[in-house]
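One structure is given here, and the rest of the page talks about it.
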Amino acid sequence: MDRKLFVKHAFSALGIVAVAPLIHACSKNNDSASTSSDESSGSSSDVTTDTSCSVSPTETGGPFPTKQPSSYVRSDITKGDGIGSPLTAKITIVNSKNNCTALEGAIVDIWHCDVDGNYSEYGGTQMQSTNFQAVHWLRGRQVTDANGLVTFESIFPGWYQGRATHIHVHVYNAGGTSLLVTQIAFPDTLAITVNSTGSAYGYTKGTSGYTYNNADNVFSDSVAKEMATVTGSVDKGFELSITIKANA
């Protein structure tokens, strides 16, 4: 995959500082959830993506939002360590107030955990390094094109106790005003397959204690509106596509 590092631009107006406690789940209500370490929570049940023009659900931005989003404008958000199955994420932002027409010039931040369920920038997960990618891995910002599209090069996310596999998304308008904080869900069967068969790519946690979408405190009531379409395989890499609807 092509890797590009866009660090020449900065959105100083969006120099948001967010500090969150070091916890291991992000539920809809209080950023906490729990499940047995021996048994999976919920049941595997893939859903059909909601294609209506209703606004995407608003979700928690934590527990690990980006501390300084203005510093990492780039499309390649990988660690650079070769661990994880490659994932190209194609995210389209549309305006639900205007018949879901493409929203050009929107600022889109994404962040997610690594294969072990860790986030950069927080506690023991932050790597003390002068390497830009190493410090802020698996986080990035892009601006939508005329089709409302942004593209990120990343890896298939890992998981941590209490949550299904997911990606965080924060959408701003061109002036820096927050439009939507939401999340992206993955099909249960795919997440289980990756974590059951992907040990050669770093997915060694297995699935004991995994939380399925229907038991996830974020996705349980809205997963069809946040479900991505994901194609590909562990060995060849994946492509994710999703349309996120914001009230702009």
Length released on extending from Glu39 to Ala146, taking residue separation times 0.36 nm less the Cα-Cα span: 33.9 nm
Which pairs, out of Lys90/Lys236; Lys67/Lys236; Lys205/Lys225, put more than 25 Å between their alpha-carbon atoms? Lys67/Lys236; Lys205/Lys225
Pairs of Cα atoms under 8 Å, at least six residues apart: use those to get the relative contact order of region 143-188, whole percent. 27
In the neighborhood of Gln68, defined by Cβ-to-Cβ distances under 13 Å, what is the net charge if each Lys or Arg adds +1 and each Asp or Glu adds -1? +1
Where the Cα pairs of region 94-248 fall when distances are cut into 5 Å bins, in %: 2, 9, 16, 20, 20, 17, 10, 5, 1, 0
Rounded to whole Å, √(5λ) for the Cα gyration tensor eigenvalues of region 35-122, largest first, gives 26, 22, 14
Please work out how much length the chain gains when fully extended from Thr51 to Lys236, using 0.36 nm per residue of separation minus the C-alpha to C-alpha distance, in nm with one decimal. 63.8 nm
Note down the nm distance, to one decimal, between modelled labels 7 Å out along Cα→Cβ at Val135 and at Asn173. 3.3
Surrounding net charge for Trp111, when Lys and Arg each add one and Asp and Glu each subtract one, Cβ distance under 12 Å: 0
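No lab work stands behind these numbers, since they all come straight from the coordinates. Since the model is a prediction, treat every value here as computed from it, not as a measurement. Methodologically, a virtual Cβ is constructed for each residue, glycine included, from the backbone with ideal geometry; neighbour enumeration extends over all protein chains shown.
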